[in-house]
Amino acid sequence: MHWLCHGVVAEPIIVSSEDLCWRRRFHALRLRLRRQGSAESRRMLFFRFSTLTPMIAESRIAQKELARLCHRLGTALGAGVDIRRVWEREGQGHGSSTLRARMLRISDELIKGSSLSEALKTTGDFFPPLFRELVAMGEITGNLAEIFNNLADHYEHQVQMRREFLSSITWPLFQLFAALGIIGLLILVMGYLPKQPGQEQIDVLGLGLTGFSGLVIYLCFLSALALAGYLVIQAMRRGMLWTKPLQRLLLRIPVFGRFLQILALSRLAWTMHLTLNTSLDLRRSLPLCLRSTHNAYYIDQTEAIVSSAASGRTLYESFADAGVFSGDFLDALDVGEHSGQLPESMGRLAEQYRDQARRMMHVIAVAGGFVVTAIVAMMILGVIWMMLSRAIFPYYDLIRELSKP
């Protein structure tokens with residue numbers, strides 16, 4: 001009898017692990033079970049974890065490490081160094097211990113005769129899908145060194161944008177954390193204030209949290225919020241299906257939604273610049289290009305666009321019929337097709353989108369700083385109001401009576 005279940009094994013079942021098999025979207029845990037008081041009958045139990053489990057259990061290479069790796073690989077392969085020697089050297093000298101372990105695994109697969117794309121599959125989801133797919137394309141077209149150099153530029157740009165964004169919001173985030181820390185300190189201090197017999201502990205914040213236990217609850221609540229935000233961001237980065245409605249909702253936010261569209265179209269134009277300059281079939285290159293957007297709003301159009309292009313229509317007509325792409329993108333696509341310089345046109349458009357995204361990022365960072373400052377101010381005013389309402393307002397009538405002549 002096979003069981004398929006989600007969650008925790010019931011108490012009457014004793015579990016002894018046999019082996020652990022990793023999958024990209026779920027983990028299958030193969031176990032031998034036996035019930036208490038029964039014979040040693042063997043049963044197979046498969047756990048299909050939620051889609052959040054891979055995000056926690058499976059690590060992924062950092063973009064900074066990936067940019068450096070692509071730069072080294074592109075330089076070595078461009079100089080004619082054998083690919084097996086390159087990956088063996090990567091496993092011995094550079095990066096973290098986790099990265100070196102993956103490099104050695106890839107090196108072993110290459111020595112056995114596997115292709116690089118097949119060797120990358122053995123590392124699971126450690127490398128981003130775009131990296132793996134472009135490497136496979138580079139092997140087919142023979143432009144692997146050029147692909148690595150372009151990937152290095154791409155990931156260095158991503159790292160630079162993230163660094164600039166974080167530096168822009170450092171001070172507002174410091175203000176926010178300081179305000180949250182002050183609230184936690186008030187909760188702790190209120191637990192040690194003296195109280196009269198028969199009365200409850202003083203709670204000027206009105207949250208029902210005082211003392212060390214209240215502080216623990218408060219910190220757990222903040223940690224849960226931070227963890228939930230982190231998981232949602234990671235799920236969106238990895239293209240989890242349940243994040244599609246959230247992605248569409250974010251695109252409707254003024255300014256921020258346009259910023260997300262520009263980022264997605266920048267990746268799309270950049271990937272088209274790489275793939276359309278090769279002999280790769282459109283039925284393979286177009287899905288790769290649309291997946292590079294990391295946005296369900298565009299990825300959902302893949303089937304319709306590929307079918308339209310395969311029927312003999314131009315790329316401009318295929319993308320225009322989808323009805324989700326901006327006018328400037330379609331104009332560049334149309335001009336590139338008519339001039340016979342579509343890859344070059346997409347390359348220039350990708351650079352323009354990058355510059356535009358950088359400018360918008362600074363605007364959003366400044367606006368976000370004002371929003372965080374406003375939130376901190378409202379939090380402080382709220383705390384002051386609650387303190388006044390609980391410490392002074394109950395005695396307002398008495399004070400007014402005593403002040404009368």
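The values are calculated or read from the model by the stated rules, or taken from the named source; none is laboratory data. In this text the structure is predicted, and so the values were computed from the model without any measurement. Cβ coordinates were reconstructed from backbone atoms using ideal geometry, including for glycine residues, and neighbour counts include every protein chain displayed.
Of the residues making up the stretch 265-279, none is surrounded by 19 or more Cβ atoms within 10 Å (Cβ to Cβ), within 16 Å of Phe325 (Cβ to Cβ), free of Cβ contacts under 8 Å to residues at least 24 places away in the same chain and among the hydrophobic types (A, V, I, L, M, F, W, C). Taking the numbered list (1) within 16 Å of His154 (Cβ to Cβ); (2) modelled with pLDDT under 90 in turn, Glu351 passes all entries but (2).
Residues are listed down the side, and each one gets a yes or a no for (1) without any contact (Cβ under 8 Å) to a residue 60 or more places away in the chain; (2) among the charged types (D, E, K, R); (3) closer than 27 Å to Arg237 by Cα; (4) in a helix (DSSP H, G or I):
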{"site": "Arg105", "(1), (2), (3), (4)": "yes, yes, yes, yes"}
{"site": "Glu109", "(1), (2), (3), (4)": "yes, yes, no, yes"}
{"site": "Gly113", "(1), (2), (3), (4)": "yes, no, no, no"}
{"site": "Glu118", "(1), (2), (3), (4)": "yes, yes, yes, yes"}
{"site": "Gly124", "(1), (2), (3), (4)": "no, no, yes, no"}
{"site": "Met137", "(1), (2), (3), (4)": "no, no, yes, yes"}
{"site": "Arg163", "(1), (2), (3), (4)": "yes, yes, yes, yes"}
{"site": "Leu176", "(1), (2), (3), (4)": "no, no, yes, yes"}
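Report whether or not Phe131 is assigned to a loop (DSSP other than H, G, I, E, B), at pLDDT 85 or above and under 26 Å from the mean Cα position of the chain (by Cα). No: the conditions fail for Phe131.
Going through (1) at pLDDT 80 or above; (2) in a helix (DSSP H, G or I) one by one, Leu398 falls short only on (1). Quick one: is Gly327 without any contact (Cβ under 8 Å) to a residue 40 or more places away in the chain and within 29 Å of Ile233 (Cα to Cα)? Judged against the criteria, Gly327 is a match. Only one of the numbered conditions (1) under 30 Å from Thr210 (Cβ atoms); (2) aliphatic (A, V, I, L, M); (3) at pLDDT 85 or above is violated by Leu388, and that is (3). Selection within the stretch 306-322: residues that are surrounded by fewer than 13 Cβ atoms within 10 Å (Cβ to Cβ) and of a type in the set (S, T, N, Q). The member of this set that is nearest to the chain's Cα centre (by Cα) is Ser307. Of all residues in the stretch 325-355, those being outside any helix (DSSP H, G or I) and surrounded by fewer than 15 Cβ atoms within 10 Å (Cβ to Cβ) number 3. For His294, the criteria (1) surrounded by 16 or more Cβ atoms within 10 Å (Cβ to Cβ); (2) not in a loop (DSSP other than H, G, I, E, B) hold in every case but one, which is (2).
Sort out which residues of the stretch 229-284 are on the phi > 0 side of the Ramachandran plot and either of a type in the set (Ser, Thr, Tyr) or under 17 Å from the mean Cα position of the chain (by Cα) (or both), and write them in order of number.
Gly239
The set of residues in the stretch 61-81 that are assigned to a loop (DSSP other than H, G, I, E, B) and farther than 13 Å from Phe126 by Cα comprises Ala79, Gly80, Val81. Cβ-Cβ contacts under 7 Å between residues 6 or more apart (or on different chains), taken from a first residue in the stretch 358-385 that is over 29 Å from Leu260 (Cα atoms) to a second residue that is at pLDDT below 80 and of a type outside the set (Phe, Trp, Tyr), are listed as Val383/Leu205.
Given the criterion out of contact with any Cys (no Cβ under 6 Å at 6 or more places or on another chain) and more than 22 Å from Leu286 (Cα to Cα), identify the matching residue among Glu139, Glu133, Glu109, Glu118.
Glu109
For Arg84, the requirement of being in contact with a Leu (Cβ under 7 Å, 6 or more places away or on another chain), part of a helix (DSSP H, G or I), in contact (Cβ under 8 Å) with a residue 24 or more places away in the chain and within 18 Å of Val135 (Cα to Cα) is met.
The residues listed here are Ile111, Ile106; of these, the one that is farther than 16 Å from Glu146 by Cβ, assigned by TED's automatic domain parsing to the domain that holds Glu156, surrounded by 15 or more Cβ atoms within 10 Å (Cβ to Cβ) and of a type outside the set (Lys, Arg) is Ile106.
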